[in-house]
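Please read the structure below before turning to the comments.
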Amino acid sequence: MKKLLFIVVIFLLSGEFANAQRYSTCSVAAEVSSESFGPVAPNGAVDKSVAKHHSHGLFFEEEHNITWIAFDIPCDTMLTFDIFPQKAGDDIDFLLFKDDEDLNELFCKKIEEHKLTPIRTNLAKPDSNTPKCSTGLSLTATDTIVPVGYNPNYSKALKVKKGERYYLVIDNYTEAKGAFILALHLKFPVYTTVQTVAHETVRNMDAPDIKAPKLTKFGKTNLTIQVRDSAGHDIKAQLDISGARPGQITSADTASLTYTLIPRITININCNALGYMFSETTFTSPDTASDITLPIIMSPVREHQSFVMKDIKFQEGVAIFLPTSQNELANLLEFMKNNPSIGIIIKGYVNDPGSDNSGAAKKLSKQRAQAVYSFLAAAGVSKKRMDFKGYGNEKMIYPHPINERQAETNRRVEIEVVK
């Protein structure tokens, strides 16, 4: 009997040890080959190989709750991703390494010996500029290495090529059991590894000759949207949600709303509240069944505060809105109606790399700013509350755009609040 109890105890302890080791080091990294991974909760495991004091953002300052993730790039693209914490207020940090070794073991050995440095990091604290408290790589971010502090929560996107291998190290700074979901914006191939012909099972020769991913259990996501101020107090706000169903917008006047989504649906959440800057948040539901809390942190309206209307886009060379601009224009209009004492300056910019910012560029940028001005005026906003200016190609977000998406981002409108 004692022998049996001893065996049972050893079995349970070995199970707990194995669970604690899951994804906790480079050698046992999770192999991800789908667009979403998680929810997964760190087990409190520490990894000294990725911690270094006073590294100015290159490594974690201390070892906390580490999760290692590995993935191969399926096609040439710009790598972006989101890491969504499932607990409001969780502080998620990350390091991204490129594996240039022929063997994974050699890469992991170099990590252990502190011979490699990450190519992207973000150790920023959650703040009001990132409403959903997420982090990751973004096309609009400009910094490759983001140190500890109230800095941007997103780091610069990375140009990647098919077949390259990367390791993502995620640290939940605040909560050992707080789960997260990783959304990789990569189009992984669909695998059909076997087929049956004349009662024989053969390998499909057209299938990619790489390791097939683990089967994903698809399921709906229960998304709870919570609107709060920077102190964590609930704020009643106007929520407008689009994208879940074609041509339909769900509106609610509330501080909290639960929304059910099928896998891989991207929704846009517009949020307006009296006395606060409006917020626009994009969320993509994961493949797996999940319960996710998405905090939207609202910032008080401040004079001379500027913000980019990132989804107000124009056709090339003219001041004509792209159809995708309508949602953002409606959000701006709602903000002006909710805050009748606020005035704004509408600033227009163009995508004109390499030019001397001639009169043509200035003229077009002014026309684009005026297009927003005219839209608001036609909708009933007093012209006395608005002004517009054109800045040509000054302060382009991408001085040397490499694709149409970056060029569209340069063709933008900014709003400055005045009173």
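The values are calculated or read from the model by the stated rules, or taken from the named source; none is laboratory data. Just so you know, these numbers come straight off a predicted model, no measurement behind them. Cβ sites come from the backbone with ideal geometry, for glycine too, and all protein chains shown count toward neighbours. Accessible surface areas use protein heavy atoms only, side chains included; no ligands, DNA or RNA. Shrake-Rupley method; radii C 1.70, N 1.55, O 1.52, S 1.80 Å.
A few remarks follow.
- Residue match in region 283-298 (condition: of a type in the set (A, V, I, L, M, F, W, C), open to solvent by 50 Å² or more (accessible area, probe 1.4 Å), outside any strand (DSSP E or B) and at pLDDT below 90): yes
- Region 370-384: number of residues that are within 16 Å of Val413 (Cβ to Cβ) and open to solvent by 50 Å² or more (accessible area, probe 1.4 Å): 3
- Within region 146-161, the set of residues being open to solvent by 50 Å² or more (accessible area, probe 1.4 Å) and under 21 Å from Pro401 (Cα atoms) comprises Lys156, Lys159, Lys161.
- Residue match in region 16-24 (condition: in a loop (DSSP other than H, G, I, E, B) and at pLDDT 80 or above): yes
- Put simply, of Glu280, Glu328 the only residue that is charged (D, E, K, R), surrounded by 18 or more Cβ atoms within 10 Å (Cβ to Cβ) and in a strand (DSSP E or B) is Glu280.
- Any hit, region 359-369, residues being crowded, with 17+ Cβ neighbours inside 10 Å and in contact (Cβ under 8 Å) with a residue 60 or more places away in the chain: no
- Single residue of Lys395, Lys389 found to be more than 23 Å from Leu274 (Cα to Cα), of a type outside the set (Phe, Trp, Tyr), in contact with a helix residue (DSSP H, G or I) (Cβ under 8 Å, 6 or more places away or on another chain) and open to solvent by 30 Å² or more (accessible area, probe 1.4 Å): Lys389
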